[in-house]
Amino acid sequence: AARRKEYATLINESGLHLLSVVNGILDMSKMESGNFEILPELFSPRDSIHSCSNLMVLKAREHGIDLMTRVPSDLPQVVGDPRAFKQVLINLLSNAIKFTERGGSVTVSAIVEGPRMLVRVTDTGVGIGEDDLKRIGDPFFQAGKTYQRRHEGTGLGLSIVKSLVAMHGGEMTVQSQIDVGTTVTVAL
C-alpha cells in the first residue's frame, strides 16, 4: 500500500509538471502569434498580491523559506488584466522559491512611483550570473550551465512574465548577484 501511494504521488506530480510545461508552451505560442487576449478591467493589485502570496506560502514553507508580503494598504486600483497579473506574480514567486535555499527568504512588495506601480519579488537565492542576465526573459533560456542546474523547468516562466508585462505597456528588469539573490521588478 505504501509503495502504491508513493507511485500515485509521483505520477500525480509528473502529470502536473507536464501540464505546466504544456500550458507554458501554449501561452508563449499565443503571445508570439499575437493571439493572447488581455482583458483589462479595474482591479486591486493589493488583493491579487496577497492572494498569490497565500497560494505560494505552503510551497515556501515546505522548502524552509520565509515568504513575506509588503504592500501598502493604500495601493491604488489599476486597470489591467487581473488574471495576467496573477500569472506574473505566481511565475515570479515560484521562480524565487525554486532558486532559494532552505533558510532563505522571498519578499514581494509594491509601491507607487509617480505614474507607475512597481512590484518587486526579491529572493536570497542562488542568483544569476552577469552573462546570463542579458538573456533572462528569452523563451526557453535557463540561466546557469546545464551541469550546475538542480531544478526542473522549461525556461518559459520569465519570458511569459516579460511578454505579459509588455502587453500591459510595462517593463520587467532583473538585478542579481551570484550567491546573494535576485530582484525582479515589474513596472506598470
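The numbers here are math on the coordinates, done by the rules we state, and not lab data. Computed from a prediction, not measured in an experiment: that's the story for all the values here. Using ideal geometry, Cβ is built from the backbone for each residue, glycine included, and neighbour counts are taken over all protein chains shown.
Things to note:
- Peptides 35-44, 56-65 ranked from most to least packed give 56-65, 35-44, packing being the mean of other C-beta atoms within 10 angstrom over each peptide's residues.
- Note that the range 117-127 has calculated 3J(HN,Hα) couplings of 9, 10, 10, 10, 10, 10, 10, 9, x, 5, x Hz, one per residue in order, obtained from phi through the Karplus relation 6.51 cos²θ - 1.76 cosθ + 1.60 (θ = phi - 60°); glycine and proline are x.
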